[in-house]
1. Please report, largest first and rounded to whole Å, the three semi-axes of the ellipsoid equivalent to the stretch 164-204, where each semi-axis is the square root of five times an eigenvalue of the C-alpha gyration tensor.
2. Indicate, rounded to the nearest 5 percent, the antiparallel portion of the DSSP beta bridges found entirely in the chain.
3. Ignoring ligands, DNA and RNA, what percent of the accessible area of the stretch 162-204 is carbon or sulfur (1.4 Å)?
4. Name the residue, out of 123, 186, 30, whose mean-square fluctuation peaks in a Gaussian network model built on the chain with Cα pairs under 10 Å.
5. GNM, the chain, Cα, under 10 Å: largest mean-square fluctuation among 151, 178, 42?
6. Over the chain, how many pairs of lysines fall under 24 Å by alpha carbon, counting only those 8 or more apart in sequence or from different chains?
7. So what is the accessible area of the chain per residue, in Å², with the probe set to 1.4 Å?
8. For the stretch 63-106, build the convex hull from the C-alpha positions and give me its volume per residue in Å³.
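The values are calculated or read from the model by the stated rules, or taken from the named source; none is laboratory data. Because the structure is a prediction, the values reported are computed rather than measured. Side chains included, ligands, DNA and RNA excluded: accessible areas come from the protein's heavy atoms. Shrake-Rupley method; radii C 1.70, N 1.55, O 1.52, S 1.80 Å.
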Amino acid sequence: MTPNIHYEKREVVGERLELRKGPFYWLGPDLTLRDCTVIISAARRSLSLVSGQFINCTIQAKGQLKTMPWASIKLKGCRFKGRFTGNDFGFREDVDDRWREGGIEDCDFSEAELHGCAFYNCDMSTIRLPRWPCFTFLDPLEHAAELRQHAWPGRVGRVTIEVVCESTKDTAAVTWHAPTVAEKMDTTVEELRAALERVPSVIM
């Protein structure tokens, strides 16, 4: 039987939490982590972010953390390290009530690899993004027409850009990893970068 480990209804300060493979972890409700280091080896299916806040924490994915919705957690002053694929940061108004409780500000992703990760309902000027080979589309819905008219190599325009352009109205930014996009979209990193350099709404 899979053991359940609960971190709930308490404040944890200055500790190292290792979320290992094997158990199922519940973070929240009403959990505050302050000045902690959170090492995540567990897969997405073994993690439930119920509610709470992470303040000035370092969050490191030891493997590749896929499709984690952080919408129920308030993230402030946190540093992210490791590989994150399909993660959503910031609160959401288009899902359920629990996903409206979180948020993100003053966080640093400069040492992280992000692919297909979205930021919602936040001030991106407070977010330190990863640089190339990661790249970020700011305000994707606002720039959708321009992005669709642009010339893209391989299948980037038909697939990746369409995903970006179909973002919800509360999407502040979407970040991708160039080598992963190039491999899946029948192009090269060099061709992709050349196309991106002509788009003003992109951060590299």
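1. Details: eigenvalues 83, 33, 13 Å².
Whole-Å semi-axes of the equivalent ellipsoid: 20, 13, 8.
2. Values: 11 of 57 bridges.
So the antiparallel bridges in the chain amount to around 20 percent.
3. Details: 1090 of 2080 Å².
Taking all protein chains in place, the stretch 162-204 shows 52 percent carbon and sulfur surface.
4. The residue with the greatest mean-square fluctuation here is 186.
5. Looking only at 151, 178, 42, the largest GNM fluctuation is found for 151.
6. Close lysine pairs found across the chain: 18.
7. Details: 9910 Å² over 204 residues.
Dividing the accessible area of the chain by its residue count gives 49 Å².
8. Numbers: hull volume 2.9 nm³, N = 44.
Given the Cα convex hull of the stretch 63-106, per-residue volume reads 65 Å³.
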